[in-house]
Amino acid sequence: MKPEYKPAEIEPKWQKHWADRKLFEADEDSSRPKYYVLEMLPYPSGAIHMGHVRNYSIGDAVARYRRMLGFNVLHPIGWDAFGLPAENAAILSKKHPSEFTFRFIERMREQLKRLGYSYDWRRELATCTPEYYRWNQWFFLQMLRRGLAYRKKSRLNWCPECQTVLANEQVVNGCCWRHEETPVTEREIEQWFLKITEYADALLADMDKLGSWPERVLTMQQNWIGRSEGTEVAFRLEEVQEDITVFTTRVDTIFGCTAVFLAPEHPRMEILLNRSRNRKKLEEQLERIRAQSARARTEPDLEKDGFDTGFRVRNPFNGEPVSVWVANFVLMEYGTGAIMAVPANDERDFEFCAKFGIPVREIMARKDQFTAEGDRIFALYAPLIDAGPYTGLHSKEAIRRMTADAAAKGFGKKTIQYRIKDWGISRQRYWGTPIPIVYCSECGTIPVPEDQLPILLPEKVQLTGTGRSPLEEVPEFVDTTCPKCKKPARRETDTMDTFVDSSWYFYRYTDPRFSDAPVRREAVKYWFPVDQYIGGIEHAILHLIYMRFFSKVMRDVGLTEIDEPVARLFNQGMVIKDGAKMSKSKGNVVDPGEMVDRFGADAVRLYMLFAAPPEKDFEWSDAGIEGAYRFLKRVHRLFARHAAMPAPDLAAENASGRTPEDRKIERKLHQTLRRVSNDLESRWHFNTSIAALMELVNELYEVELGGKGAGVSPVVLKDALEKLASMLSLFAPHLADELWESLGHDGSMLLTSWPAYDARLAREEELEIPVQINGKLRGRIRVAPGTARDDLQKIALQEEPIAALVSGRQIVKVIVVAERLVNIVVR
């Protein structure tokens, strides 16, 4: 072993060793337990960034640990390769998107290999290849047959910079999810949708199976799906003999209704305009409200705006007429597009009615509806007043009885509404999966037969970035024949949202070359579910809902038996610098390649796991990466001193027994093993695991002198070094294999077993217990492990200076936490 630590020599050596011996490859093996660990696949943007490195270093530590525990580990990687960035780059450079995509994939692949991640590269896939997107088209056809794919005209989110439609989930704070400072507008366009609402109840119900998912993600998904049980009530528009149906979760408050509010897009508006004596004025006001984007109209601080249509509807519960208004905070996409205004119990209604002078009718007693300071309480559940036959009933009982009465009398019914809307997948761009539909003047909308898949993207296309799909300008793509009547027809020119690609890729990894179906059932049955999935919280209501939806469709199509694809989810934090997320525009990007060149892959990986708990954001520090590098140099130096250490004489050592230094090292070694093992099994605090390794190295340096153990037997020293190398292999695998070899072993540590800690050896010979008086630390006592509580109390009260401090004072009680703490409460 060379005396100097040179990662530029060590790391390529072991990467070649791993590749030559195919150590990362995994195949189905029913004789072994499986473990499927997966990080969210990257977009080939040109180079990996530090967020990638953190994500993949976490996943690789888990994969290596599980391999050493004896699991058959599947750890694949691929590329989310369709999308706008490559197309936008192609527009600027006048080159084809595939040129950028595959060049970037090649570069990023080499970067990942240079970092030594344990991927089974045989399973690599790219979603932009026909071999993959053929199955996107196949899934679309299956959903079309089952009524889960449909086309309609709809007001949709439009990103002016992307020049394409965005799903609701892709709009963040009113802006495009890709372009955080680009406000989203709206357009009315014919679009293809996937009926995710059909699975809304299942997506909610199956959250019970996601007990190992972060609570924050489950809460975000639950709120996004937004299931509301309520009542539909028909208010009669008697002038035209039509109903306006409202949805309410609080039918008990309907006796306090003083108006009905409509969304400006409500279909009844056309009738009202036709019957109005002031049509021109209404149209002007209507356009003013419609000009506000739907996204802005959902903001909590929206200034309330609207107008009186001049029409009235009749409240079916009390027969009273109430005015019909258009309100900017009512959306057609939610409920029925009409709500009843109850200003006495709803804050939004109250603000609107106060602004426009609409009366407020109290429906609950003042003692219930107002605080002692006179502030109104909204969303109150209490006994009703002035509610006809329901007066005196509590809200919850009134809801039940009034809903039943509305149904019995034919003007209402119990119903369920959802916040989640169907997934609009049409995109007016080139670099995506073509939608397998043709339009025939004779036959209408016709699906492409499965045996004609894949519908290939044309190679020769003019990319302009305008609002129309580039495919419209490619006659050889557009012009086709109808599969049904064989007459001329035209292809659909929109492509699919790229979230379709990432909704099922993790299934394809189980057999990426299988050509008969999207997945091979036997492979999925062996590998699924994904045991550990790792990615950012930003995907909570995008990818993570879509992939759950796709899994349920795949089950219902008969491809799998899986209800939920991921058993355990982990969201890692971001890597930030100078207090902000790394970005080229901010000038705070740290290049992983440069760091690897300077310090080695192991130092980069170690620092990413040591800097902070993995679920937290952490601030990049140049001093931090230098510290990680110095630690690895120190470990290398320690092993280099003992590289030629002869095999210990076990018989002689057993005869002579253990020295105090032996026991000290063994205790620290097994305490470290216990901490690292527990961290890996539960909380994943790799930072504390690495800190424990650093403490162990310090301890070894204390007893090591001139290449020989000062009072430490060779057996104990070699055992400590071997186990240190085992633990280090999760975080700095190249160096760990080099250290293992220096101790006289062949091969990689991946072929060894994870060392078990000995609880007996990890026990302290003597414990130091803090002693508090009234919660303040006043001293410490040293006792043997397992000392009884009564004895701890007695020793603490007799020990100086505690005895003097409590002398003459009344001891109220003594709190003893076994092996942890004594707290004496005195007066």
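With contributions of -39500 (n - 2.57) from each DSSP H run of at least four residues, the per-residue ellipticity at 222 nm computed over the chain stands at -11000 deg cm²/dmol. Each Lys and Arg contributes +1 and each Asp and Glu -1, all at the Cβ; summed about the Cα centre of the stretch 312-430, the dipole is approximately 560 debye. Starting from one equal scatterer on each C-alpha and no solvent at all, send me the Debye-based log10 I(q)/I(0) for the stretch 153-249 at q = 0.21, 0.22 Å⁻¹, two decimals. Values, matching the q order: -1.08, -1.09. Return the ratio Rg/(2.2 N^0.38 Å) for the stretch 757-812, where Rg is computed over Cα atoms only. Ratio of Cα Rg to 2.2 N^0.38 Å: 1.33. Charge dipole of the stretch 650-808 (Cα centre as origin; +1 on each Lys and Arg Cβ, -1 on each Asp and Glu Cβ, all else neutral): 660 debye, rounded to the nearest 20. Measuring only protein heavy atoms, the 1.4 Å probe finds F255 accessible over about 20 Å². The spacing between the stretch 13-70 and the stretch 123-165, judged by their C-alpha centroids, is 30 Å.
Taking a quarter of the surface of the convex hull around the Cα atoms of the chain, what do you get in nm²?
So the mean shadow area of the Cα hull is 47.4 nm².
How much length is gained on full extension from D479 to L797, taking 0.36 nm per residue of separation minus their Cα-Cα distance?
Working: separation 318, 0.36 × 318 = 114.48 nm, distance 9.39 nm.
So the chain would gain 105.1 nm between D479 and L797.
Close amide H contacts of L156 (hydrogens built in the peptide plane, cut-off under 5 Å, sequence separation of 5 or more or a different chain): R187, E188, I189. Ranked by the mean number of other Cβ atoms within 10 Å of their residues, highest first, the peptides 452-461, 585-594 fall in the order 452-461, 585-594. Probing with 1.4 Å while keeping every protein chain in the model, the per residue accessible area of the stretch 1-151 equals 38 Å². Does the stretch 364-502 come out rounded, prolate or oblate by the C-alpha gyration tensor, with a ≥ b ≥ c the root eigenvalues, rounded set by a/c under 1.5 and, if not, prolate when a/b is larger than b/c and oblate if not? Taking the square roots of the gyration eigenvalues as a ≥ b ≥ c, the stretch 364-502 is prolate. Note on the stretch 655-765: Kirkwood radius taken over Cα pairs, Stokes-Einstein applied at 4 °C and 1.567 mPa s, translational D equal to 90 µm² s⁻¹. Taking one equal scatterer on every alpha-carbon of the stretch 531-616, how large is log10 of I(q)/I(0) by Debye at q = 0.11, 0.14, 0.26 1/Å? The computed values of log10 I(q)/I(0) come out as -0.50, -0.71, -1.29. Here, the stretch 254-313 has an Rg and a Dmax of 12.7, 34 Å when only alpha carbons are counted. Taking only the Cα atoms of the stretch 682-827, the ratio Rg/Rh comes out at 1.16, with Rh defined as the Kirkwood radius. For the pair the stretch 540-591 / the stretch 289-364, the C-alpha centres are spaced 38 Å from each other. Ranked by solvent-accessible area (1.4 Å probe, protein heavy atoms only, all chains present), the residues S621, S742, S212 order from largest to smallest as S212, S621, S742.
For the set R827, R123, the ranking by accessible area, highest first and with no ligand, DNA or RNA atoms included, is R827, R123 under a 1.4 Å probe. Considering only alpha-carbon pairs that sit under 8 angstrom and 6 or more positions apart, the relative contact order computed for the stretch 272-429 is 13 percent.
Quick check for me: using +1 on Lys/Arg Cβ and -1 on Asp/Glu Cβ, what's the dipole size of the stretch 458-604 about its Cα centre, in debye to the nearest 20?
360
Across the stretch 578-595, computed HN-Hα scalar couplings (Karplus, 6.51 cos²θ - 1.76 cosθ + 1.60, θ = phi - 60°) run 6, x, 9, 4, 5, 7, 4, 5, 8, x, 10, 7, 9, 7, x, x, 5, 5 Hz from first to last residue, x flagging Gly and Pro.
Both radii come from the Cα set of the stretch 538-678: Rg as radius of gyration, Rh as Kirkwood radius; their ratio Rg/Rh reads 1.16.
Between 0 and 90 degrees, the angle of helix 543-557 with respect to the longest Cα principal axis of the chain falls at about 80 degrees.
Against the chain, whose longest principal axis is taken from its Cα atoms, helix 50-68 shows a tilt of about 60°.
Once Lys and Arg get +1 and Asp and Glu get -1 on their Cβ, which of L273, V326, G256 lies farthest toward the positive end of the dipole of the stretch 226-342? My answer, from the dipole projection, is L273. Among the protein heavy atoms of the chain, carbon and sulfur supply 48% of the accessible surface, probe 1.4 Å, non-protein parts ignored.
The accessible area of K281, taken with all protein chains in place and a 1.4 Å probe, comes to roughly 120 Å². The residues of the stretch 290-439 expose on average 45 square angstrom of accessible surface per residue, using a 1.4 Å probe on protein heavy atoms.
Just the number please: accessible area per residue for the stretch 693-773, 1.4 Å probe, all protein chains included, in Å².
With the other protein chains kept in place, the stretch 693-773 gives 38 Å² per residue.
Given a 1.4 Å probe and the protein chains as shown, Y334 ends up with an accessible area of around 90 Å². Placing unit charges on the Cβ atoms of the charged side chains and taking the dipole of the chain about its Cα centre, the candidate lying farthest along the positive direction among M207, N315, F506 is N315. Packing, taken as the mean count of other beta carbons within 10 Å per residue, orders the peptides 633-640, 669-676, 780-787, 22-29 from highest to lowest as 669-676, 633-640, 22-29, 780-787.
Extending 7 Å from Cα along the Cβ direction at R401 and again at L302 yields two label points whose distance is 3.5 nm. How far is the Cα center of the stretch 670-706 from the Cα center of the stretch 750-827, in Å? Value for the Cα centre distance between the two parts: 24 Å.
The values are calculated or read from the model by the stated rules, or taken from the named source; none is laboratory data. None of these values were measured; they are calculated from a predicted model. For neighbour counting, all protein chains shown are included, and Cβ atoms are generated from backbone atoms with ideal geometry for every residue, glycine included. Please note that ligands, DNA and RNA were not included when accessible areas were found on the heavy atoms of the full protein model with its side chains. Shrake-Rupley method; radii C 1.70, N 1.55, O 1.52, S 1.80 Å.
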